[in-house]
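J.: I'd like to ask you about the structure that follows.
The values are calculated or read from the model by the stated rules, or taken from the named source; none is laboratory data. On a predicted model such as this, the values are computed, not experimentally measured, just so you know. Cβ placement follows ideal geometry from the backbone for every residue including glycine, while neighbour counts extend to all protein chains displayed.
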């Protein structure tokens, strides 16, 4: 999906919500465990319940791979449940030497036809570039993440005066335009979010960490929203596991709707 | 597989060779394309042909994921072809926030029962720690890789005087012992390899880049070999694609054997 189309959808639906699909067998409602493919049933119900209120889905590959050899089949079946109108981010944190990254791009952009893939920057240019340059496909590069470990390397001061994540953003903007590259910036650090917006004014940010990880939507919007929105805010656990009972889909829908209603205020 | 067992195997077989399984449909011999699962046939033949000369296999997940929804089934079937005597490194470069990394550990250590998994360090401690602490299981952490992009971030000088990959190694040694943590250090930079060996004398290194990427085995051994070996040298393309004809397995076997014979000289 191209940028203009994504922006249109955001304003039409008055939502910049991305629903993270982290289907955990230990957390999904017990009554689903009797079905043939509990994870697929769960995902399908969550997608149906939340589709009116979000513009994107972010399936997390770890939760599919944890199913073993049938996991990617379930990932594939899950993708088929997502309406064509929604932007799909495969949250896989891939990145390897050039010829291997090319294969990951082939996997997620061609075979699975996702719109975007999250990428880890550690290995540098030739590990990231194979994900750039395909029309309507996106590399979503880790910059400053929402977890405690972000202090270990991402925040380290470099000899050139920048911090590592700032250098990652600066170099990556030389590699890819705002039509093909987004950055992951955690909601748990709103003061940083504002500075990162100044550094990369034209780029979309994928912002995890609202909800279970403690980030606040109003602070995020104040710090990073642009005239064409420029952000996708992800919520996973707070929506998926809003209830562990038979009403899980209804509760997920309510939760997504509540976020959409709050988001609409910022999109006026 | 525990460290003592791995070291025993290395000295018994007089080999520290790891064969990288990067099965590329565009490169495997054409006559295999007629079989039901060409990639599996290819892997099976390569494993049979090289098992006497190597101690480890490193299947590269990108090449399995590029097969689409059946890829992980082929990965699983490939694992079943690897003799129990061999150390298995899933080359997947995973790493995410703690609860997601836990799922990746579950996938590769429990479901697929691999001995080791390659991990990207960018997201810090809580992204790496879920891969540590399981007896006989290993996190193989990216330190200094063999690709050109290593100059972009890994080699960056930090304000504390170290380079990023040195900080990664120092911090990671606080997180994990030499019984559960290895480092990826590219063969293409032997002068660095020697310094990294001084920095992390007790840890195993997984060394890619010998062969197609231009690294030299003698230089690598001189720089990084320890009294209990301490290295696994990976070769992928130079073995897998030694021939594109019907003799591919024989040629792969010859190539692996030649490397083993050279390795034996350094293990005396």
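J.: Going by the structure shown, is residue B:82 farther than 23 Å from residue A:79 by Cα and touching a strand residue (DSSP E or B) at 6+ places or on another chain (Cβ under 6 Å)? Reasoning before the result, please.
T.: Values: farther than 23 Å from residue A:79 by Cα: yes; touching a strand residue (DSSP E or B) at 6+ places or on another chain (Cβ under 6 Å): yes.
Against the criterion (farther than 23 Å from residue A:79 by Cα and touching a strand residue (DSSP E or B) at 6+ places or on another chain (Cβ under 6 Å)), residue B:82 qualifies.
J.: Separate question: One residue is enough: does the stretch A:117-132 have a residue meeting the conditions within 30 Å of residue A:171 (Cα to Cα), surrounded by fewer than 24 Cβ atoms within 10 Å (Cβ to Cβ) and at the interface with chain B (Cβ under 8 Å from one of its Cβ atoms)?
T.: There is at least one residue in the stretch A:117-132 that is within 30 Å of residue A:171 (Cα to Cα), surrounded by fewer than 24 Cβ atoms within 10 Å (Cβ to Cβ) and at the interface with chain B (Cβ under 8 Å from one of its Cβ atoms).
J.: Among the residues of the stretch B:82-103, count how many are surrounded by fewer than 23 Cβ atoms within 10 Å (Cβ to Cβ), away from every other protein chain (no Cβ under 11 Å) and out of contact with any helix residue (DSSP H, G or I) (no Cβ under 8 Å at 6 or more places or on another chain).
T.: 1
J.: Residue A:6 - would you say it is part of a helix (DSSP H, G or I) and either within 10 Å of chain B (Cβ to nearest Cβ) or over 21 Å from residue A:233 (Cα atoms) (or both)?
T.: The answer is no for residue A:6.
J.: Report whether or not residue A:146 is at pLDDT below 95, within 20 Å of residue A:102 (Cα to Cα) and either out of contact with any helix residue (DSSP H, G or I) (no Cβ under 9 Å at 6 or more places or on another chain) or within 9 Å of chain B (Cβ to nearest Cβ) (or both).
T.: On the way: at pLDDT below 95: yes; within 20 Å of residue A:102 (Cα to Cα): no; either out of contact with any helix residue (DSSP H, G or I) (no Cβ under 9 Å at 6 or more places or on another chain) or within 9 Å of chain B (Cβ to nearest Cβ) (or both): yes.
No, not satisfied.
J.: While we're on this one: If we scan the stretch B:11-27, do we find a residue that is more than 24 Å from residue B:108 (Cβ to Cβ) and within 14 Å of another protein chain (Cβ to nearest Cβ)?
T.: Among the residues of the stretch B:11-27, at least one is more than 24 Å from residue B:108 (Cβ to Cβ) and within 14 Å of another protein chain (Cβ to nearest Cβ), which makes the answer yes.
J.: Within the stretch B:48-81, track down each residue that is surrounded by fewer than 23 Cβ atoms within 10 Å (Cβ to Cβ) and away from every other protein chain (no Cβ under 12 Å).
T.: Once the filter is applied, which keeps residues that are surrounded by fewer than 23 Cβ atoms within 10 Å (Cβ to Cβ) and away from every other protein chain (no Cβ under 12 Å), the stretch B:48-81 yields B:48, B:49, B:51, B:52, B:81.
J.: Only one of B:172, B:159 is within 14 Å of another protein chain (Cβ to nearest Cβ), within 26 Å of residue A:128 (Cα to Cα) and touching a helix residue (DSSP H, G or I) at 6+ places or on another chain (Cβ under 8 Å); which?
T.: Values: B:159 fails: touching a helix residue (DSSP H, G or I) at 6+ places or on another chain (Cβ under 8 Å).
Only one candidate qualifies: B:172.
J.: Please pick out the residue among B:204, B:183 that is surrounded by 22 or more Cβ atoms within 10 Å (Cβ to Cβ), closer than 22 Å to residue B:58 by Cα and without any contact (Cβ under 8 Å) to a residue 60 or more places away in the chain. Let's see the steps before the verdict.
T.: Numbers: B:204 fails: without any contact (Cβ under 8 Å) to a residue 60 or more places away in the chain.
Sole residue among the options that is surrounded by 22 or more Cβ atoms within 10 Å (Cβ to Cβ), closer than 22 Å to residue B:58 by Cα and without any contact (Cβ under 8 Å) to a residue 60 or more places away in the chain: B:183.
J.: Touching a strand residue (DSSP E or B) at 6+ places or on another chain (Cβ under 6 Å) and either surrounded by 20 or more Cβ atoms within 10 Å (Cβ to Cβ) or part of a strand (DSSP E or B) (or both): does that describe residue B:153?
T.: Taking the combined requirement at face value, the residue does not satisfy it.
J.: Continuing with the same structure: Out of curiosity, is residue B:139 buried (at least 24 other Cβ atoms within 10 Å of the Cβ), more than 9 Å from every other protein chain (Cβ to nearest Cβ), at pLDDT below 95 and over 16 Å from residue A:154 (Cα atoms)? Working first, answer last.
T.: Working: buried (at least 24 other Cβ atoms within 10 Å of the Cβ): yes; more than 9 Å from every other protein chain (Cβ to nearest Cβ): yes; at pLDDT below 95: no; over 16 Å from residue A:154 (Cα atoms): yes.
The answer is no for residue B:139.
J.: Going through the stretch A:179-217 one residue at a time, which ones are more than 28 Å from residue A:242 (Cα to Cα) and in a helix (DSSP H, G or I)?
T.: A:191, A:192, A:194, A:195, A:196, A:197, A:198, A:199
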